[in-house]
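Comments concern the structure below.
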Amino acid sequence: MNPTGSALRIGVFGGAFDPPHNAHVALAEAALAQLDLTELHVIPTGQAWHKSRTLTPKEDRLAMAQLAFGNLQGKVVIDSREVLRDGPTYTLDTLHELQKEQPGAQLVLVMGADQAAALPTWHGWQDILGIAIVSVAYRALSTGDVTRFDPKQLPGLPAGARFEALELPAAMDTSATDIRRRVASGVDISSLVPPTVARYIDQHHLYRSA
């Protein structure tokens, strides 16, 4: 029995995935295990309005997402809608599209605590909270940590906003930025990304210094 009583719960997990790494996969696995999802849409970002750097070509990021997430419990949908969309990519537009495709389904937007803390900077963030439950993934507390981010403290939070906690099994400090830097410096990344993603990066000469 899911906590909302809705017949369908559709998870939405977006990101640049440039590249997708083991922490991304762990978050997706936790979402499938804990959130009673009918399916989880993994959605690589298209034209990211909020990123100053140029993303790796969408074809590569989509292919890496398929390699990283494609075998998770048969419930994962690698959703290409944002990389195929013209113009800036907004989560609000994606949620509206999913609402039309799955009328009556409960949408669950999965994100890390750092993204949740930045929600007020998102396009139409209050509308997002009227459409979807936000599932905030928390890493295991490190030594010295005594509190964690509470999304209910966000300024300007609309009435009725709904949040769920998603517990990650261990502290994972992997970042795509660090992985790109390692590849550019010739440092091994095999412990940080799925083996298929590591091979793709090598075969397609991604992230190497000019």
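The values are calculated or read from the model by the stated rules, or taken from the named source; none is laboratory data. Bear in mind the structure is a predicted one, so any value in this text is a computation, not a measurement. For the accessible areas, the whole protein counts, side chains as well, though only heavy atoms, and no ligand, DNA or RNA atoms are used. Shrake-Rupley method; radii C 1.70, N 1.55, O 1.52, S 1.80 Å.
Points worth noting:
- Whether segment 47-109 is rounded, prolate or oblate, judged on the alpha carbon gyration tensor where a/c under 1.5 counts as rounded: oblate
- The residues of the chain have, on average, 50 Å² of accessible surface per residue, using a 1.4 Å probe with all protein chains present.
- Of all the options L37, L154, L166, the one that moves most in a Gaussian network model of the chain with Cα springs shorter than 10 angstrom is L154.
- Most mobile of A31, A140, A16 in a GNM of the chain (Cα contacts under 10 Å): A140
- Per residue convex hull volume, Cα atoms of the chain, in Å³: 137 Å³
- Under 5 Å, built H, 5+ apart or other chain: amide partners of L166: V136, A137, Y138
- Among H21, H41, H96, residue whose mean-square fluctuation peaks in a GNM of the chain (springs only between Cα atoms under 10 Å): H96
- Estimated vicinal HN-Hα couplings, Hz - segment 18-31 in sequence order (Karplus 6.51, -1.76, 1.60; Gly, Pro = x): 10, x, x, 10, 5, 5, 4, 5, 4, 5, 4, 4, 5, 4
- Every Cα-Cα pair of segment 52-162 was included, and the share exceeding 23 Å stands at 42 percent.
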